[in-house]
Amino acid sequence: MAEANPTDFPTVLGPDATFKGEMSFEKGMRLMGRFEGKINTAGRLHISREAKLAADVDAGAIIVEGEVKGNLSASDRIELKSTARYEGDLRASKLVVDEGAVFQGQVSVGPDVVKNRPPMQQGGGVVRPMANTGQPGFPPAVQQGQPLK
Amino acid sequence: MSRIPSYGSSTPDDRITIVCLYCGKPNEVGRRAMSVTCKYCYKSLTLKDVQFKAYEARRAVETCGIVTVEKKANVVTDRVMASGLIVRGKLKGDVTSSGPVLIGPEAELKGNVTAPTLAVGAGAILDGKYKIGNLEPPARDVPPPPSAS
């Protein structure tokens, strides 16, 4: 994977950190440690290879390289990289699965899925409406996978 | 066709190895065979690729080849068992594939999916329970193969 610009992920939870609770942020977060709870953001969440996440996530885009248990919802896309281990329900406009990724759960993918989704349980969380809703610059969705013979 | 080519010196060029859809055991068959009986579980196996080009409702689609649902096709079935699946149109039914599942852009797949790898095109619509990755093969009591003599 290309090295991301540090400004893409201003928030970083380091490899020796453990967080329990609810988190919201605006731009992006790179998770390298352990997280339990809930994440709300219109930005990007990157779950690194060494990270462990047990949470319900509502984000703009989610990239999974590590181990995740919980429900993921993304208004744009969810990417499961080859090292991803994911168990839970998934809801997104687009899904990208790399070869080698392992996941299990209910999948709802489509352009209308996130628009018509039931509201997430807020639980008193801090979910701010985003003034700048511009999503980070993803290239247009690319068809994945190798052609079958 | 997704038959696994056999490169071993023990297998002549006109023989290939296929994996039984039901017991997961390899069977060596003639390259031009259209159907065989698994020598382990004695189930009949179709080896042909299956292609759908229009609306079709079927109880089951079972083949050791590759199932292709073309763009204008709409397939409604209880289950699809194959060694590879390509969906460019619409498919409603549970899918078990021993090879990759490729869901093209704008395709629609409604049903539960079990497969080692998944590739999803942009704009595809998915709905169902997914098990993707190297999952443990189901343990079955399968009688030993009859001796060659």
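Structure data summary
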item	result
The one condition in (1) surrounded by fewer than 15 Cβ atoms within 10 Å (Cβ to Cβ); (2) in contact (Cβ under 8 Å) with a residue 60 or more places away in the chain; (3) of a type in the set (A, V, I, L, M, F, W, C) that A:Ala61 fails to fulfil	(1)
Among the residues listed as B:Tyr42, B:Tyr55, B:Tyr130, the single one being away from chain A (no Cβ under 14 Å) and either modelled with pLDDT of 95 or more or under 18 Å from A:Leu95 (Cα atoms) (or both)	B:Tyr55
The range B:43-60, residues that are touching a Leu at 6+ places or on another chain (Cβ under 9 Å), in contact (Cβ under 8 Å) with a residue 24 or more places away in the chain and under 25 Å from B:Cys23 (Cα atoms)	B:Leu45
Out of A:Ala141, A:Ala131, sole residue that is at pLDDT below 70, over 21 Å from B:Asn134 (Cβ atoms) and within 11 Å of another protein chain (Cβ to nearest Cβ)	A:Ala141
Residue within the range A:92-114 that is aliphatic (A, V, I, L, M), more than 8 Å from every other protein chain (Cβ to nearest Cβ) and outside any loop (DSSP other than H, G, I, E, B) present	yes
Residues of the range A:4-57 classified as touching a residue at least 40 places away in the same chain (Cβ under 8 Å), outside any loop (DSSP other than H, G, I, E, B) and over 20 Å from A:Lys81 (Cβ atoms), total	5
Looking only at the range B:58-90, and only at residues there that are within 14 Å of chain A (Cβ to nearest Cβ) and in a strand (DSSP E or B), the one that is farthest from B:Met34 (Cα to Cα)	B:Lys90
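The values are calculated or read from the model by the stated rules, or taken from the named source; none is laboratory data. Fair warning: this is a prediction, and the values are worked out from it, not measured in the lab. Glycine also receives a Cβ, built like all others from the backbone with ideal geometry; neighbour counts cover every protein chain displayed.
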